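Worksheet for the structure shown next.
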Amino acid sequence: ITGTLKDWRSIFDSIADLIFIQDKDSNFIDANKATCDALGVKREDLLGKKCYQVLHGSDKPWPNCPFQRILETKSPEIEEVDDPHIGKPLLVTVSPIFDEKGGIVAAVHIAKDISKQKKVEQELRDKEEEYRSLFYYSADAIMTLIPQDGFTSGNPATIKLFGCKDEQEFISKSPADLSPEYQSDGTPSTVKAQEMMSLAMQNGSHFFEWVHKRINGEEFFATVLLTKVKLQGQEMLQATVRDITGEKNTEDRELKMRELKEEIARLKGQLQS
């Protein structure tokens with residue numbers, strides 16, 4: 001180690017975290033450049049002053065002050081401090097310094113600015129709250145499921161669509177319980193469901209038509225959009241289900257009308273020939 005690295009003060013002042021040393025009576029003994037810059041004072045102006053007076057503008061220690069705790073525990077303590085007087089949230093670690101008899105004579109404070117972390121955490125909470133609101137109030141039936149384990153949640157529209165009494169009853173059912181034994185193409189629902197979920201997990205999403213079944217056994221046509229999502233570190237699927245029975249009935253009626261018209265036209269042709 002050469003040059004300025006031999007100089008303890010240079011090393012101390014090069015650290016970006018706020019570091020200061022106080023005696024057992026909470027008086028500043030030393031502080032690095034980052035601390036002085038953050039407080040807008042010179043080092044010599046801090047020495048001998050109470051830390052809580054300078055940092056918090058108070059005549060007594062900060063509530064849950066980690067330094068006050070180490071006087072009892074004699075072990076390092078960590079505390080998040082978000083005091084408007086400081087102007088930024090800090091993660092503070094306080095470590096005791098002992099004399100030869102094991103008594104605490106001073107402590108080292110290391111304070112890390114966690115403003116960016118707190119901002120990201122708040123944005124995440126806002127997104128989660130937005131998702132919960134959209135999930136809960138959506139007119140579409142929205143549910144989440146883990147392919148191997150089954151349903152994990154269902155919004156009020158889901159509960160209503162399948163005729164369940166509450167969410168707990170819904171998640172107690174497997175996808176097979178809410179489908180007839182076979183789909184329209186003759187494929188067993190259990191087999192085809194796995195195929196649909198596998199496609200969604202592989203491609204990120206998958207849209208298809210499905211025959212569902214309510215708790216009372218009534219079957220209905222639906223469209224299903226499966227989307228792969230990651231919630232709380234777990235990859236799962238979000239399913240959006242829409243009942244299209246009315247549309248299917250309209251299609252069937254239109255098809256029957258076309259077939260009837262074609263049959264009438266065919267018979268007329270026979271009579272004329």
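Take the alpha carbon atoms of region 16-59, find their center, do the same for region 153-207, and report the distance between the two centers in whole angstrom.
61
Ignoring everything except DSSP H segments at least 4 long, calculate the 222 nm mean residue ellipticity for the chain; use -39,500 (n - 2.57) per segment, divide by total residues, nearest 500. Write down the numbers at each step before the final one.
On the way: 10 runs with 110 residues, N = 273.
-12000 deg cm²/dmol, from helical runs alone.
Just the number, please: carbon plus sulfur as a percent of the accessible area of the chain, 1.4 Å probe, no ligands or DNA/RNA counted.
Using a 1.4 Å probe with all protein chains present, the chain comes out at 53 percent carbon and sulfur.
Which links in LYS24/LYS74; LYS88/LYS112; LYS49/LYS101; LYS160/LYS228; LYS127/LYS228; LYS165/LYS228 stretch past 19 Å when you go from one Cα to the other?
Correct reply: LYS49/LYS101; LYS160/LYS228; LYS165/LYS228.
Please give the charge dipole size of region 1-159, origin at the Cα centre, charges +1 on K and R Cβ atoms and -1 on D and E Cβ atoms. Round to the nearest 20 debye.
380
Along its three principal axes, how long is region 1-116 when you only count alpha carbons? Whole Å, largest extent first please.
Dimensions of region 1-116 along the principal axes of its Cα atoms: 42, 39, 27 Å.
Using +1 at the Cβ of each Lys and Arg and -1 at the Cβ of each Asp and Glu in the chain, identify which of PRO76, GLY57, GLN168 lies farthest towards the dipole's positive end.
GLY57
Considering amide H positions built from the backbone, and no H for Pro or chain starts, which residues 5 or more places from SER205, or on another chain, come under 5 Å of its amide H?
Those lying under 5 Å, H to H, from SER205 are LYS228.
Roughly how many whole Å is it from the C-alpha centroid of region 213-242 to that of region 131-148?
The distance from the Cα centre of region 213-242 to that of region 131-148 comes to 8 Å.
Using the Cα centre as the reference, give the magnitude of the dipole from point charges on the C-beta atoms of the chain (Lys, Arg: +1; Asp, Glu: -1; all else neutral), rounded to the nearest 20 debye. Numbers along the way, then the final one.
Details: 36 positive and 46 negative charges, 64 e Å.
Here the chain has a charge dipole of around 300 debye.
With a 1.4 Å probe and all protein chains left in place, how much accessible area per residue does region 1-98 have, in Å²?
Details: 5790 Å² over 98 residues.
Value for region 1-98: 59 Å² per residue.
Give, rounded to the nearest 20 debye, the magnitude of the charge dipole that region 33-84 has about its Cα centre when Lys and Arg contribute +1 at Cβ and Asp and Glu contribute -1 at Cβ.
It works out to roughly 280 debye.
The values are calculated or read from the model by the stated rules, or taken from the named source; none is laboratory data. Keep in mind the model is a prediction, meaning the values are calculated, not measured. Glycine also receives a Cβ, built like all others from the backbone with ideal geometry; neighbour counts cover every protein chain displayed. Protein only, heavy atoms only, side chains kept; ligands, DNA and RNA dropped before computing areas. Shrake-Rupley method; radii C 1.70, N 1.55, O 1.52, S 1.80 Å.
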